Amino acid sequence: MTSVVAVIGGGRMGAGIAQVFAAAGATVTIAEANADAAQAARERVARGLARAAEKGNGHTALGLLHTVTSLTDLPSDAGLVIEAVPERGDDKIAVLSAAEKVIGRDAVLASNTSSLSIGDLGAALERPHRFLGMHFFNPVPASSLVEVVRGPATDHATIESAQQWVQALDKTAVVVNDSPGFATSRLGVALGLEAIRMLDEGVADAATIDCAMELGYRHATGPLRSTDLVGLDVRLAIAEHLHTTLGERFCPPQLLRDKVARGELGRKSGQGFYAWPHTEGGQPR
């Protein structure tokens, strides 16, 4: 397996994915829309690698990172290409289709989508058997899980390759079949939406609801704090998709809609269900 990886999109998730592959010794290329975005992505990875090095979790590895501003410049010898652009199906399909024309025929092409159908995304591809979902979790360096999603055309060899990539990151892969929200987003959103309803109904405050799940059910992070980390806008988009595909039980609460409309998006905006310091990786105030 070649140790050349490309990540399309250098936002929080894409940068995190690039960071863990670089830390594992892979040569990584991030593709972004323009030079400013590419530089910002490189700086995100650099900060993440520096924090990891301070904690003794690896070397800086920044020399393994490259950036490009056109999909035509993706490395032709990449063994794995991961799309990590925002959760808009048309945008993802356009990016995936363009990338497929550049990379090798044996390369694995993956989407980091947290809820969109792998079958729908792969339907536009020439080699859907080499396409699958690789759903990483935020923050990527700290998470030990990658949800590998088998599309209707994904072949066994592609699944095996993805599992090997995940193992090389010292993470655990769970393989699920393509369905709305897969396993993790479906369950995570269901819990998160109910927690938001409870907060809106005055059952308890956010910290109490989260503490109940953290101590009572051993969740590492409560559902409202998790929503802040994921991003309220991201959680709303997933909930709307699941509402459309799975029915009323995923109808987004009005409180969630109102917070997103006010720009209260969680950690990335400084305010969600908690107030957050304006430093990446900070704890809620």
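Against the conditions (1) closer than 19 Å to Arg130 by Cβ; (2) surrounded by fewer than 17 Cβ atoms within 10 Å (Cβ to Cβ); (3) not small (Gly, Ala, Ser), Glu54 satisfies every one except (1).
Looking at Pro180, is it within 18 Å of the chain's Cα centre (by Cα) and surrounded by fewer than 20 Cβ atoms within 10 Å (Cβ to Cβ)? Taking the combined requirement at face value, the residue satisfies it.
The rows are residues; the columns are (1) out of contact with any His (no Cβ under 8 Å at 6 or more places or on another chain); (2) open to solvent by less than 60 Å² (accessible area, probe 1.4 Å); (3) part of a loop (DSSP other than H, G, I, E, B).
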{"position": "Arg186", "(1), (2), (3)": "yes, no, no"}
{"position": "Val189", "(1), (2), (3)": "yes, yes, no"}
{"position": "Ala195", "(1), (2), (3)": "yes, yes, no"}
{"position": "Leu199", "(1), (2), (3)": "yes, yes, no"}
{"position": "Ala204", "(1), (2), (3)": "yes, yes, yes"}
{"position": "Arg218", "(1), (2), (3)": "yes, no, yes"}
{"position": "Thr221", "(1), (2), (3)": "yes, yes, yes"}
{"position": "Asp233", "(1), (2), (3)": "yes, yes, no"}
{"position": "Leu236", "(1), (2), (3)": "yes, yes, no"}
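Out of curiosity, is Asp233 touching a residue at least 24 places away in the same chain (Cβ under 8 Å) and of a type in the set (Asp, Glu)? Here the answer is yes, as Asp233 does meet what is asked. With respect to the conditions (1) free of Cβ contacts under 8 Å to residues at least 40 places away in the same chain; (2) in a loop (DSSP other than H, G, I, E, B); (3) polar (S, T, N, Q), Ser115 lacks only one, and its number is (1). For region 11-62, name all the residues that are of a type in the set (S, T, N, Q) and part of a helix (DSSP H, G or I). Of everything in region 11-62, those that are of a type in the set (S, T, N, Q) and part of a helix (DSSP H, G or I) turn out to be Gln19, Gln39. A search for C-beta distances below 9 Å between a residue of region 69-81 that is among the hydroxyl-bearing types (Ser, Thr, Tyr) and any residue that is in a strand (DSSP E or B), counting only pairs 6+ apart in sequence or on different chains, returns Thr69/Ala31; Ser70/Ala31.
The sole residue among Ala124, Ala94 that is of a type in the set (A, V, I, L, M), open to solvent by 40 Å² or more (accessible area, probe 1.4 Å) and assigned to a loop (DSSP other than H, G, I, E, B) is Ala124. Scanning region 75-84 for residues that are touching a helix residue (DSSP H, G or I) at 6+ places or on another chain (Cβ under 9 Å) and either of a type in the set (Asp, Glu) or surrounded by fewer than 22 Cβ atoms within 10 Å (Cβ to Cβ) (or both) yields Gly79, Glu83. Of the residues contained in region 169-179, none is found to be part of a helix (DSSP H, G or I) and touching a helix residue (DSSP H, G or I) at 6+ places or on another chain (Cβ under 7 Å).
If the condition is being buried (at least 21 other Cβ atoms within 10 Å of the Cβ) and either of a type in the set (A, V, I, L, M) or touching a Pro at 6+ places or on another chain (Cβ under 6 Å) (or both), then region 239-259 contributes Ala239, Leu242, Leu256.
The values are calculated or read from the model by the stated rules, or taken from the named source; none is laboratory data. The shown structure was predicted, so the numbers you read here are calculated from the model rather than taken from an experiment. Note that each Cβ is placed from the backbone with ideal geometry, even for glycine, and that neighbours are counted across all protein chains shown. We work out accessible area using only protein heavy atoms, side chains counted, and drop any ligands, DNA or RNA first. Shrake-Rupley method; radii C 1.70, N 1.55, O 1.52, S 1.80 Å.
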